[in-house]
Amino acid sequence: MQQQALRDLYIDELRDIYNAETQLVKALPKMAKAATSDELRSGFEEHLEQTRGHVSRLEQIFEDLDEKPSGKKCAGMEGLVKEGGELIKSEFEGEVKDAGLIGAA
């Protein structure tokens with residue numbers, strides 16, 4: 001019974017991570033587009049590719065476990081993405097906006 005509880009916890013945590021990563025896949029292109037620095041834009045794009053790799057590996061884990069990745073919302077990442085979105089829409093410009101994007105990321 002305890003082993004099943006640990007497996008359930010493991011699946012629950014994987015679902016949380018999966019949701020966080022998929023939220024990032026949607027948010028990072030917007031952050032890259034909002035960046036004024038080429039270097040920062042490139043950093044966001046590189047992070048996006050790494051994050052897509054994380055999603056792919058998590059999907060493989062779920063397949064190996066014969067489980068579905070859906071069913072949990074990562075509230076922490078949701079809050080961070082929301083703050084990043086607010087910063088993108090803000091009136092800050094140039095290096096100041098880039099600094100804010102770095103902080104939000």
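For first residues located in segment 70-98 and closer than 17 Å to Leu40 by Cβ, partners that are polar (S, T, N, Q) and open to solvent by 50 Å² or more (accessible area, probe 1.4 Å) and lie 6+ apart or on another chain with Cβ distances below 6 Å form the pairs Gly94/Thr36; Asp98/Thr36. Taking residues in segment 1-25 that are over 18 Å from Leu65 (Cα atoms) and open to solvent by 80 Å² or more (accessible area, probe 1.4 Å), and partners anywhere that are at pLDDT below 95 and in a helix (DSSP H, G or I), not one pair has Cβ atoms closer than 8 Å while being at least 6 places apart or on different chains.
The values are calculated or read from the model by the stated rules, or taken from the named source; none is laboratory data. No experiment lies behind these values; they were computed from the predicted model shown. Cβ: placed from backbone, ideal geometry, glycine included. Neighbour counts: every protein chain shown. Ligands, DNA and RNA are stripped out before the accessible areas are found, and what is left, the full protein with its side chains, is counted by its heavy atoms. Shrake-Rupley method; radii C 1.70, N 1.55, O 1.52, S 1.80 Å.
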